1. Nearest 20 debye, what's the magnitude of the dipole of segment 121-215 about its Cα centre given +1 on Lys and Arg Cβ and -1 on Asp and Glu Cβ?
2. Using a Förster distance of 41 Å, how high is the FRET efficiency between Ala138 and Asp118, based on the Cβ-Cβ distance and rounded to 0.05?
3. Hey, could you grab the Kirkwood Rh for segment 4-83? Inverse mean 1/r over distinct alpha carbon pairs, Å, one decimal.
4. Starting from the amide H of Thr125, placed 1.01 Å from N in the peptide plane, find each other amide H under 5 Å away whose residue is 5 or more places distant or on another chain.
5. Can you compute the charge dipole magnitude of the chain about its Cα centre, using +1 on each Lys and Arg Cβ and -1 on each Asp and Glu Cβ, nothing else charged? Give it in debye, rounded to the nearest 20.
6. Quick check of the Kirkwood formula: for the chain, what is the inverse mean of 1/r over all pairs of different Cα atoms, in Å?
7. Counting heavy atoms of the protein chains only and a 1.4 Å probe, report the per residue accessible area for the chain as a whole number of Å².
8. Let me check against my output: what whole-number percent is the relative contact order of the chain, with C-alpha pairs under 8 Å and at least 6 apart?
Amino acid sequence: MSRDWAPTRFGLKTALCVMAAEPEYGAALRARIRPLITGVGPVESAAAVAHALAELAAARALPDLVVSLGSAGSRHLDHARVYRVSHVAYRDMDASPLGFPRGETPYPRVAAVLQMMDGPAALPTARLATGGSVVSGAAYDGIDADMVDMETFAVVRAAARFDVPVLGLRGVSDGRTDLTALEHWTDALAEIDLRLAEALDLLHDHFTPAAMEPA
């Protein structure tokens, strides 16, 4: 993992921004952040985030939060709109044959659904399910969430090892029709790049002193 990433300051807070893949990192985001590009999937994202946070911890420079951002699939949410993740689940975890609720990690006991960090009120919220597969068509039927990705739950678990909270931002790139070609994902990424950049501007405002003062 090359050290071409750097934490970003949003108002009074310092954040490590995390993205899965280079195609999601467009011109608008490049003007604002230098994210850690982890690679796709729970394993790659957990390994990369843990490595980066360990490096920052050794330098006594842990960020105040991690911002996990990128694209997501959804069968019913607005296309290309950005949502703040309110809760995240690990859709691949199923130890129910051993008597544990589906989605719950048995050892250590990790709840099936984790609440994520609050953020700008202007952003709509949605529940997210993370897993190691691309979801399309009928595969949505068995998922109890508004949208799906392949990284956020893993990012949350890696960051928890360092007591760093995670704020999730996801733009809906696909889901209303079956995915049969790479372009069905990439065609929406330019617009999502713009919307994610706008969301980061809201994040900056959210963590400014005026916004953080009690009413």
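1. Numbers: 6 positive and 16 negative charges, 70 e Å.
The calculated dipole for segment 121-215 is roughly 340 debye.
2. Efficiency, rounded to the nearest 0.05: 0.75.
3. 13.6 Å
4. It is Arg84, by chain and number.
5. Numbers: 19 positive and 27 negative charges, 114 e Å.
So the magnitude is around 540 debye.
6. Numbers: mean 1/r = 0.0574 Å⁻¹.
For the chain, the Kirkwood estimate is 17.4 Å.
7. About 48 Å² of surface per residue is accessible.
8. Details: 455 pairs, mean separation 61.7, N = 215.
That works out to 29 percent.
The values are calculated or read from the model by the stated rules, or taken from the named source; none is laboratory data. Model, not experiment: these values are computed from the prediction. Glycine also receives a Cβ, built like all others from the backbone with ideal geometry; neighbour counts cover every protein chain displayed. Surface accessibility is based on the protein's heavy atoms, side chains included, excluding ligands, DNA and RNA. Shrake-Rupley method; radii C 1.70, N 1.55, O 1.52, S 1.80 Å.
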